[in-house]
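K.L.:
The structure's right below; bear with me while I get my questions together.
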Amino acid sequence: MKKIISYGFLLLLLQSCGGREEAASNPGETKQTALSSGKVQLTDKQIQYAGIRLGTAEIREMHLSLQVNGNIDVHPDNQISISAPLGGYLKKTTLIPGTKVAKGSVLAILEDQQYIQLQQDYLTAKNKLQYLETDYKRQKDLNETKVASDKTLQQVQGEYNNQRILVHSFAERLRLIGLVPEKLNENSISRSIAIHSPISGYVVKVNANIGKYINPSDVIFELINPTDVCVNLTVFENDATRLKIGQVVKFTTSNNPEKVFLAKVELISPNIDMDRSTQVHATLSQSTSELLPGTFINAEIELNKAKVSCIPDEALVRWEGKDYVFVEETKGSYRMTPVTIGNSNEGSTELKSQLPAKNIVIKGAYTLLMKLKNKEE
C-alpha cells in the first residue's frame, strides 16, 4: 500500500506548506489540531505534484478467505468419562495419565457389600419366580377344571407378573455394574466388580486412589481416542453469515507452521455466544496422529466467490496499528478516516466499513499521511 515518495517531492511539499504552518500563533495548537482532526489541506499545485487521484469503492467479485483461530478437539464419542453407577471402594488400578488402554480391558476393580446384597436379591427373587411360575400353572389348570376360582387365579397371576418385573429389574442393575445375570449362581457371588474400557485410547485423568470411596456421580477416569480428532474454530458474529457447510479449511499449528492440514466445515453453531462469536466444527480430510487434542491452530476458511465492496490497495494507509483512507471533504481538503478491511486479492482489498458517498483518495494516500505526520512532529 505504501508508495515510495522521492525525497525531492516531499521536500517541495513540506516547504510549500511551511510558511503557513510557521505563521500559526501557537505551534502546540497546530500539532494538537492535526492529531485530533486527521485533516490535510493541499493547494492545487500540491495536488498536482502529489498525483492525487480520487475514486470510489467498487463492487467486484473476489475469492475470499477468512482468518480464524481454534484448537484441535475430540468427537464426543471418543472422549469418555468413567464412573461407577452404584459406587464402591476402589480396590485396584494401575492407571496413570498417558496409559494406553484397549477396548474391553479392565480399568479398575471396585468392591462393596451392596454388590453382594444385589446378587443375593436377584437369586432370591429368581427362585421365588420359579415357585410362582409353578403355582400359576397349577392354579391355571385347576381353574380350567373349575376347581379353583377365577379370583384365586388372578391373585396368583398378579404375584407371578410382579415377580417377573422384580427379577428383570435386578438383572438390569447387575448388568449396570458389569455382571452377567445368566451366569450368576450361589457359588459365583462376588464382593467386587470390574470396570472395563468402552473405547481404545489413552487415559488423560485419574481422579481417585486405592481405598477411596467412589460415589455414583464421581468421575474416576477420563479417556480419549486421539486418532479421531476434529477442528473447533471460533468465528466472530460479523463473519458467521458467510459460512457454509463443506467449505475448505486450511490450518497450521504453532509447533509446525510449515505443514498445512486440510479439513471441511461440518457443523456451524446457530448460537452467538456472549463474546459475539460462534463455534464451527470441521472434520479432517485425512486422519493423522500428529495432532493432539487441545493444540492451538491458525486457520483459513475458504469462502465462495462473492461480490464485495473493494478499494485499491494503495488507497489504504496504516498508522499506529489501524487502517485508514483519506476522504475528500472539499476541494483540496482531505480527512483521514478509519476503516475495517477484509481480504486482499489482485491489488484490491475488501472494505467492510460503510463510507459516506464521497470521493476516496485512491492514489497519493501515503503522501497525505506523510504530510499529516509532519504536522504532528
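The values are calculated or read from the model by the stated rules, or taken from the named source; none is laboratory data. All figures in this text were calculated on a predicted structure; none of them were measured in a lab. As a convention, Cβ positions derive from the backbone with ideal geometry for all residues, glycine included, and neighbour counts pool all protein chains shown. Calculation scope for accessible area: heavy atoms of the full protein, side chains included, ligands and nucleic acids excluded. Shrake-Rupley method; radii C 1.70, N 1.55, O 1.52, S 1.80 Å.
K.L.:
Is one or more of the residues making up the range 110-120 under 60 Å from the mean Cα position of the chain (by Cα), of a type in the set (Val, Ile, Thr), under 30 Å from ASN207 (Cβ atoms) and surrounded by 12 or more Cβ atoms within 10 Å (Cβ to Cβ)?
P.N.:
Yes, there is a match, as at least one residue in the range 110-120 is under 60 Å from the mean Cα position of the chain (by Cα), of a type in the set (Val, Ile, Thr), under 30 Å from ASN207 (Cβ atoms) and surrounded by 12 or more Cβ atoms within 10 Å (Cβ to Cβ).
K.L.:
Give the residue that is modelled with the lowest pLDDT, with candidates limited to residues of the range 24-52 that are surrounded by fewer than 17 Cβ atoms within 10 Å (Cβ to Cβ) and under 45 Å from the mean Cα position of the chain (by Cα).
P.N.:
Selected residue: LEU35.
K.L.:
Right, here's the next one. Considering only the range 176-197, state which residues are in a helix (DSSP H, G or I) and exposed (fewer than 11 other Cβ atoms within 10 Å of the Cβ).
P.N.:
Answer for the range 176-197, where residues must be in a helix (DSSP H, G or I) and exposed (fewer than 11 other Cβ atoms within 10 Å of the Cβ): GLU182, LYS183.
K.L.:
Follow-up. Does the range 320-351 hold any residues that are under 33 Å from the mean Cα position of the chain (by Cα) and either of a type in the set (A, V, I, L, M) or surrounded by 13 or more Cβ atoms within 10 Å (Cβ to Cβ) (or both), and which are they?
P.N.:
ASP323, TYR324, VAL339, ILE341, GLY342, ASN343, SER344, ASN345, SER348, THR349, GLU350, LEU351
K.L.:
Looking only at the range 87-109, filter to residues that are closer than 22 Å to LEU176 by Cβ and of a type in the set (Ser, Thr, Tyr); which one of those is surrounded by the most Cβ atoms within 10 Å (Cβ to Cβ)?
P.N.:
Across the range 87-109, the extreme among qualifying residues is THR93.
K.L.:
Continuing with this model, one more query. Give me the pairs: first residue in the range 242-256 and in contact (Cβ under 8 Å) with a residue 12 or more places away in the chain and over 12 Å from LEU267 (Cβ atoms), second residue in a loop (DSSP other than H, G, I, E, B) and of a type in the set (Val, Ile, Thr), beta-carbon distance under 6 Å, and six or more apart or on different chains, which are they?
P.N.:
THR253/THR295
K.L.:
Right, next: Tell me yes or no: at least one residue of the range 282-301 is open to solvent by 40 Å² or more (accessible area, probe 1.4 Å) and within 16 Å of SER65 (Cα to Cα).
P.N.:
Within the range 282-301, one or more residues are open to solvent by 40 Å² or more (accessible area, probe 1.4 Å) and within 16 Å of SER65 (Cα to Cα).
K.L.:
Considering (1) out of contact with any Lys or Arg (no Cβ under 9 Å at 6 or more places or on another chain); (2) surrounded by 15 or more Cβ atoms within 10 Å (Cβ to Cβ); (3) modelled with pLDDT of 85 or more, say which one LYS244 fails and leave the rest.
P.N.:
Going through the list (1) out of contact with any Lys or Arg (no Cβ under 9 Å at 6 or more places or on another chain); (2) surrounded by 15 or more Cβ atoms within 10 Å (Cβ to Cβ); (3) modelled with pLDDT of 85 or more, LYS244 breaks only (2).
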